[in-house]
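Rule-based calculations on the coordinates, nothing more; no lab input. Remember, it's a predicted structure, so these values are computed and weren't measured experimentally. A quick note on method: Cβ atoms are made from the backbone with ideal geometry, for glycine too, and the neighbour counts reach across all protein chains shown.
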Amino acid sequence: MKRFTTSVCLALVVAVVSYATATILHVPSEYPTIQLGINAAVDGDTVLVAPGTYVENINFLGKAIVVTSEAGAESTIIDGSAPAHPDSGSVVYFVSGEDSNSIISGFTITSGSGTYMEIYPSYSYWAYCGGGILCAGGSNPLISDNIVMENVCAYGAGIGCHYSDPRVLGNVIILNTADDHGGGLFCYHANTWLESNMIADCNTGHGRGGGVHIQWGTATIVGNTIVGNVGGLGGGIFASHYYGLIEGNHMAYNLAQARGGGIWARWSDPHIRHNIIERNVAPSDGGGIYCDGGGHSGE
């Protein structure tokens, strides 16, 4: 018992010391760019950013840190329009195994063009993914209270989630355009938790998932407002090989060029319950919901 007590006390001392030594790094008064603040930070630190426009593309580098703004998203903008390399045009990167202690909050994230990467490994298919934010390589960050807007790329113009499980909470994801799939979000082999977001006016043209594209996974989609999005299949949500929960969302005024104005589910077994799905349009089939193959339940 004495040995156990000693071990517990030592663990508590280490935790207290770690908390006490956490640092707030100020941008731009101490570090001129957000990335320089991240470079200097260690796990547990906070990079606190003053209002302004920061023309840069930032990478969390696997660190368990908080990057947040002093005054909120409307006045603190990360503009990714000038990447160091045109193939690396995502505005924010989580690609080094970040976990839920890696947090970005309180920014407008805009003008991203995505990162050229292998989207479908089994086909060796490459394209640009994650215009605003790219989560890949087993990264599971927290993305909260941001405005992700006016980003353009092929897959996941707003947020691209590729073999990663981020939590995406309370964001406004608006006016993003994907050439292929996922105007707002693209989730591939990603068990994303998507809650209390506004996903609006995103577009994939004749591609899939104007608002959200999910392929392979159990993403949870709860309490979101998904309105005014346009896609070829699935104006609001496109789901393929999907086995998750879609609950308590408001989906309205979404347009599919073919099928599934609100939701298009293929070879999936989603649980769809307690949603308001109204005034969505599809010229072919399923103005509200179109299901093709697989099982599905609704309430």
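In the range 70-94, which residues have a backbone nitrogen under 15 Å from the label point lying 7 Å from residue 39's Cα in the Cα-to-Cβ direction?
84
What does the charge count near residue 59 come to, summing +1 for each Lys or Arg and -1 for each Asp or Glu among other residues with Cβ under 15 Å from its Cβ?
Details: positive: 63; negative: 56, 87, 98.
Surrounding charge for residue 59 is -2.
Describe numerically, in nm with one decimal, the distance between label points set 7 Å from Cα along Cα→Cβ at residue 30 and at residue 50.
1.4 nm
Could you check what % of the DSSP bridge pairs in the range 64-181 are antiparallel, to the nearest 5? Could you put the intermediate results ahead of the total?
On the way: 7 of 36 bridges.
Among the beta bridges of the range 64-181, antiparallel pairing accounts for roughly 20 percent.
Considering Cα pairs under 8 angstrom that are at least six residues apart, work out the relative contact order of the range 24-298 and quote it in whole percent. Spell out each step's value before the answer.
Values: 1087 pairs, mean separation 26.4, N = 275.
About 10 percent, as a whole number.
With the crude spin-label approximation of a point 7 Å out along Cα→Cβ, what separation in nm comes out for residue 281 versus residue 81?
Simple spin-label model gives 3.2 nm for this pair.
Working from the alpha-carbon coordinates of the range 24-298, get Rg over Rh, Rh being the Kirkwood radius. Present the calculation step by step, with values, prior to reporting the outcome.
Working: Rg = 17.6 Å, Rh = 17.9 Å.
Dividing the radius of gyration by the Kirkwood radius yields 0.98.
With everything on Cα atoms, drop me the angle between helix 2-20 and the longest principal axis of the chain, reported from 0 to 90° to the nearest 10.
Taking the Cα atoms of the chain, the angle to 2-20 is about 80 degrees.
Kindly list the residues of the range 168-184 that lie in the label zone of residue 241, defined by a backbone N under 20 Å from the point 7 Å along the Cα-to-C-beta vector.
Those under the cut-off are 180-183.
Could you sort 171-180, 127-136 so that the peptide with the highest average Cβ count within 10 Å comes first and the rest follow in order?
Averaged packing, sorted descending, gives the order 127-136, 171-180.
Sorted by packing (mean other beta-carbon atoms within 10 Å per residue), highest first, where do 144-155, 264-275 land?
On the way: 144-155: 24.8, 264-275: 19.9.
Top to bottom by mean Cβ count within 10 Å: 144-155, 264-275.
Give me the percent of DSSP beta bridges within the chain that run antiparallel, rounded to the nearest 5.
5 percent
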